[in-house]
Structure formats: structure tokens, C-alpha cells
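A.B. asks: The structure under discussion is supplied below as C-alpha cells; questions concerning it will follow.
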Amino acid sequence: MKTRAVQHGGKWGKAVVIGGGYAGLVTARVLADHFSEVVILEQDPMDEHTGTRPHVPQGYHAHAMLAKGAEVLEKYFPGLRAELQDIGAPVFDYGEHISFLLPAGFAPRQRTGVEVQTFTRDELERRLRGKVLALPEVTLLPSTRCDGLRMAGPGTVDRVQYRTEGAEQPTELAADLVVNTSGRASALDNWLTEMGLPVPEKRVVKAKITYTSMNFDRSEKSTPDFNVAYQMTFAPHTPRGGVLLAVERSRWTCSLFGFEDQLPPTENSAYLDFAKSLNNPHLAEQIEGRSGQEATYRYTNVNNQWRLYHKMKAWPDRLIAIGDAVCVFNPVYGQGLTVAAMEADLLHRTLGKHRALGTGLDGLSRGFQRAVARIVLTPWTLSSNSDLMWNPDRRPVMARIAHWYNKHLFEVSVRDARVWSRFARVANMVAAPTVLFHPAVVAKVMSQALTSRSRRTRPRI
């Protein structure tokens, strides 16, 4: 039996968000425009000042908010970029202020027109949380674990069952819409199974990358001409990499990463030695000159994972999933924060359309999950194809073709700033990958491939 959500003053009644991390906060902000009440259930202890939480192990590591993600955040949190900049989180051009070591050499240090900002996830979430909890529609229930979902009738979720810390019995909370943003450890598959709904098998591509990260003070004696120094990994010959980000309060965040047995160490001197083994010298230079540092953290659970909810014919009404609860990307590509923001923006537009048409919430969820899949498809393809190339036993034809094209595209990019600018726009999700297949770019890539082949086959004298 379908239930009709009651609208008050043009808004629906109550939305429940499962998960109070980054995706949950951005989603709650969007929902506050459409619901009279938004309740966030978060399993960790939390208030507006809380930093990185126990259930977000990746929170200690380097994060990149791509240009598209920053654009979406500024739409819902106007002034956020300037607020972060005021405490030292720099805003800069992707080409001019990044020392980016590609497999073929350093990228051109020229303007791309793509502006990015670097900061810690800790600071970003704290700022977002303060703004979201200040909204009169939003209530946070910390130390609260969601135990499952309940349906009013066939195919319609209308209640969340949760348990607060120390409570012996669970509590049920009625909801007009439930949004699961509980991350990579989401139990949504189990909850759907408990309701008798078949769940498609998820796609998993193992990244086999380990990260070791620290924050440390920027030396007053050093005034580098970059805000990011980066060496990318690239199968099969570059198994080590790292990224150094200028972040708020005059610090660097450094994440070193390695494939399979190339484990970045946590001990200080060995950490520096690993950085010195990279071909981008800027990481080791700044680590060696540090005057103070914070704790060092290691992170290994980085597999790409896509839960194919869009394929569920029995996906229930009044339930949607967003962020890592749907798709987890290898963080080396910096896509996760931006994709979650785009999905929240999609939710805002979808709810707005249903309100304008007066069609209510029934029938919204399944179409929304299909639209989420369309957002996910491009970043998933880019990241998973690259990671598949580390596996000698499983290299699909399309992944091999993409890898071949990227290899020669990078060889062109180190000499051609216009091609590099195209790549920067695609990497920051402000342009479709098709711009890298413009006839002029394809011609340059093919010419480079022929030149490279000629060099390899030229007889030695």
C-alpha cells in the first residue's frame, strides 16, 4: 500500500539520513530545502566540533575536492571556499601551482583555468557540520546505530529502526524518505535482504594500494612555488607514488602510496626514505624540512566497489542511497567527495521536480538510483580500468585500450599545455572524457604512439 507524505508549507514531513559524515551532511543540507524535519543518525559520538571519526579511517589521508565538487558545495554552502581560504586553505590553478609528475615527465606549469582548493577532510567536515546543524530543520542523533528498515506495505520504506548507545531495545522512527549515506561499511545490503528483496552482486576491482599519511608544519624557511606536489602510480612500472597538499593552518598533508608489496612505512626515517625514492623530489624536501608533525596513519582498504542498486527491479519506494554507500573509488583519483556532492545535487533537483509537479515521493527512488548510476559510470570506468592494469591475469580489452591511450596522452601532455588543460578539466569533472577524444587530440596521440613505436623498433648500431 502506498503512503502519501504530507506537505507542510510546501515541504514534506520528515527525512532520515543514515550516516553523519561528509555525504550525510551535504545530503541533509539539500533535504532541509524540501522537508520540515531532517534527522541524522550517526554511529560515532559527534558534535559540531568533532574532527576525524573512528569509522572514517580514510579521513586522515590526503583528499582532493575536484573543481566540480567545489562548485556544488559553493551552491549549497555559499562562502565556504572563502571561509576555508581565510584559515590558510589555498585556492589555485590546477596547472600553475601543481608539480605533477606524470609517467612521461612533469606536466606543464601553465594556467588551465581550473581552480582547486586543498584542505583536510577533518576541517571540511567540521565546517559543513556546523553549518548544517545550525539549520532549524536538522537534528543530529550521535552515538546512534541504525539496525534496519521497516516497510508500511509491499515496496515502501516508512520507518528506520535504531539503537542509541547503551539502549537495550531499539527504537523505530517514522520517515517520509530515508537516505542511506553510511559509507563503504553500509549494512544496506543486509537490510534489503532482511526485507526479502534480492540484492545484485556488487562489482569489486581490487586496487592493492596502501596509503601512509601525516600532517606536518610548513617550514618558514621554505617558500615553494607549488601548493601540490604529486607523483602518480602507473601500471606496471611505477608502483610508488605520493601527494603533498598545502592545507589550512600552515601545514602540509602528505600521503605516500605503493602497490602491493611497496608498503609506505609509518616510522619517521623510513617514511622519509620512501619519499626520497620517488622521482618528484618536492615531497621529500618538505618532509625533511618539517619542524613538527602529527600522528602517522596507514590505510589499506581502498578497493573500488560498486553496489548495483540501479539494477534492482524491487528497489523500494522512499529509500535512496548516496556516496560510498553506493560506490567506493580508489582514493588516489580524488573522485569520492565530488561524486557524493553531485549525487546530493541530483537529489535536490529530483525533489524539486516532484514538488513542482505535485507528484509526491512515491515512484521517485528507483529512477533516482538509475540517475546515480549515470553519475558513477564515468569515474568508475576511469578508476577501475586503471586499477585493472595492475593485475596480469585480468586485463580486459577495454582497460588495455584505455591504458594504452592514456600512456601516449601523457606523453603528449608533457609537451602540449592545451592537451594538459583538457586532461585537467576531465580530471576535475568539469568536462566529459570525450574532450580527450577530439580529432586534434587523437591525431596527436596517434602520432606520439607511432613515434614511440619507431624508437622501440629502431635497430641499434
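The values are calculated or read from the model by the stated rules, or taken from the named source; none is laboratory data. Predicted model only: the values in this text are computed from it and were never measured. Heads up, the Cβs are rebuilt from the backbone with ideal geometry, glycines too, and the neighbour counts pull from every protein chain shown.
A.B. asks: Tell me which residues, restricted to region 13-46, are under 21 Å from the mean Cα position of the chain (by Cα), among the polar types (S, T, N, Q) and over 21 Å from LEU80 (Cα atoms).
C.D. replies: GLN43
A.B. asks: On to the next question. Taking region 83-113 only, how many residues are assigned to a loop (DSSP other than H, G, I, E, B) and surrounded by 22 or more Cβ atoms within 10 Å (Cβ to Cβ)? Walk me through how you get there before you give the answer.
C.D. replies: Taking region 83-113 as the starting set, the residues that turn out to be assigned to a loop (DSSP other than H, G, I, E, B) are 87-90, 94-97, 103-104, 107-113.
From what is left, the residues that are surrounded by 22 or more Cβ atoms within 10 Å (Cβ to Cβ) are 89, 94, 107, 112.
The total comes to 4.
A.B. asks: Yes or no: VAL414 surrounded by 14 or more Cβ atoms within 10 Å (Cβ to Cβ) and modelled with pLDDT of 95 or more?
C.D. replies: Details: surrounded by 14 or more Cβ atoms within 10 Å (Cβ to Cβ): yes; modelled with pLDDT of 95 or more: yes.
The answer is yes for VAL414.
A.B. asks: Of everything in region 215-238, what is of a type in the set (A, V, I, L, M, F, W, C) and either closer than 19 Å to VAL414 by Cα or not in a strand (DSSP E or B) (or both)? Give them in sequence order.
C.D. replies: Of region 215-238, the ones of a type in the set (A, V, I, L, M, F, W, C) are 216, 226, 228-229, 232, 234-235.
Those that are of a type in the set (A, V, I, L, M, F, W, C) and either closer than 19 Å to VAL414 by Cα or not in a strand (DSSP E or B) (or both): PHE226, VAL228, ALA229, MET232, PHE234, ALA235.
A.B. asks: Please go through region 166-195 and pick out each residue that is in contact with an Asp or Glu (Cβ under 7 Å, 6 or more places away or on another chain) and in a loop (DSSP other than H, G, I, E, B).
C.D. replies: Once the filter is applied, which keeps residues that are in contact with an Asp or Glu (Cβ under 7 Å, 6 or more places away or on another chain) and in a loop (DSSP other than H, G, I, E, B), region 166-195 yields PRO170, ALA175, GLY183, ARG184.
A.B. asks: Please specify each residue of region 159-193 satisfying the condition of being within 26 Å of the chain's Cα centre (by Cα) and farther than 17 Å from HIS55 by Cα.
C.D. replies: LEU177, VAL178, VAL179, ASP189, ASN190, TRP191, LEU192
A.B. asks: Continuing with this model, one more query. Could you say whether any residue in region 307-327 is over 20 Å from HIS348 (Cα atoms), surrounded by 16 or more Cβ atoms within 10 Å (Cβ to Cβ), in contact with a Cys (Cβ under 9 Å, 6 or more places away or on another chain) and in contact (Cβ under 8 Å) with a residue 60 or more places away in the chain?
C.D. replies: yes
A.B. asks: Still on this structure: Residues in region 164-186 that are touching a residue at least 12 places away in the same chain (Cβ under 8 Å) and surrounded by fewer than 17 Cβ atoms within 10 Å (Cβ to Cβ): how many?
C.D. replies: 6
A.B. asks: Looking at region 161-185, which of its residues are at pLDDT below 95 and more than 11 Å from LEU41 (Cα to Cα)?
C.D. replies: Scanning region 161-185 gives GLU165, GLY166, ALA167, GLU168, GLN169, PRO170, GLY183, ARG184, ALA185.
A.B. asks: Here are THR253, THR212: which of them is in contact with a Gly (Cβ under 9 Å, 6 or more places away or on another chain), of a type in the set (Val, Ile, Thr), outside any loop (DSSP other than H, G, I, E, B) and modelled with pLDDT of 95 or more?
C.D. replies: So the residue among THR253, THR212 that is in contact with a Gly (Cβ under 9 Å, 6 or more places away or on another chain), of a type in the set (Val, Ile, Thr), outside any loop (DSSP other than H, G, I, E, B) and modelled with pLDDT of 95 or more is THR212.
A.B. asks: Still on this structure, I have one more. Which of (1) assigned to a strand (DSSP E or B); (2) over 16 Å from PHE216 (Cβ atoms); (3) of a type in the set (A, V, I, L, M, F, W, C) is the odd one out, the single condition VAL243 does not satisfy?
C.D. replies: Against the list (1) assigned to a strand (DSSP E or B); (2) over 16 Å from PHE216 (Cβ atoms); (3) of a type in the set (A, V, I, L, M, F, W, C), VAL243 comes up short only on (2).
A.B. asks: Report, by residue number, each residue of region 341-395 that is in a helix (DSSP H, G or I), among the β-branched types (Val, Ile, Thr) and exposed (fewer than 15 other Cβ atoms within 10 Å of the Cβ).
C.D. replies: Listed by number, the list holds a single entry, THR381.
A.B. asks: Got a sec? Which of ARG163, ARG121 is under 21 Å from ASN428 (Cβ atoms) and among the basic types (Lys, Arg)?
C.D. replies: One residue alone meets the criteria, ARG121.
A.B. asks: Here are the criteria: (1) within 15 Å of the chain's Cα centre (by Cα); (2) surrounded by fewer than 18 Cβ atoms within 10 Å (Cβ to Cβ); (3) of a type outside the set (Asp, Glu). Tell me which single one ALA295 does not satisfy.
C.D. replies: Single failed check for ALA295: (1).
A.B. asks: Can you list residue pairs whose Cβ atoms sit under 8 Å apart, with the first residue in region 74-88 being farther than 16 Å from THR338 by Cα and the second being of a type in the set (Val, Ile, Thr)? Count only pairs 6 or more apart in sequence or on different chains.
C.D. replies: Listed pairs, sorted by first residue: GLN85/VAL91; GLY88/VAL247.
A.B. asks: Which is within 16 Å of THR253 (Cβ to Cβ) and not charged (D, E, K, R), of MET65, MET46?
C.D. replies: Matching residue, one of MET65, MET46: MET65.
A.B. asks: Continuing with the same structure: Filter region 108-124 down to residues that are in contact with a Gly (Cβ under 7 Å, 6 or more places away or on another chain) and either modelled with pLDDT of 95 or more or over 25 Å from GLY88 (Cα atoms) (or both), then give me how many there are.
C.D. replies: 5
A.B. asks: Same structure, new question: Name the one entry in ALA373, ALA431, ALA424, ALA443 that is aliphatic (A, V, I, L, M) and more than 29 Å from the chain's Cα centre (by Cα).
C.D. replies: Residue meeting the stated conditions: ALA443.
A.B. asks: If you check ARG395 against the conditions, is it over 29 Å from ARG109 (Cβ atoms), among the basic types (Lys, Arg) and more than 22 Å from the chain's Cα centre (by Cα)?
C.D. replies: So ARG395 passes the test.
A.B. asks: For region 116-154, which positions are in contact with a strand residue (DSSP E or B) (Cβ under 7 Å, 6 or more places away or on another chain), part of a loop (DSSP other than H, G, I, E, B) and surrounded by fewer than 17 Cβ atoms within 10 Å (Cβ to Cβ)? Outline the logic, then answer.
C.D. replies: We begin by selecting, within region 116-154, every residue in contact with a strand residue (DSSP E or B) (Cβ under 7 Å, 6 or more places away or on another chain); these are 116-120, 132-133, 137-141, 143-152.
Checking which are part of a loop (DSSP other than H, G, I, E, B) leaves us with 118-120, 137, 143.
Residue satisfying the conditions is SER143 alone.
A.B. asks: Give me the residue from region 372-394 that is touching a helix residue (DSSP H, G or I) at 6+ places or on another chain (Cβ under 9 Å) and farther than 15 Å from ALA207 by Cβ and, out of that set, modelled with the lowest pLDDT.
C.D. replies: The qualifying residue modelled with the lowest pLDDT is THR378.
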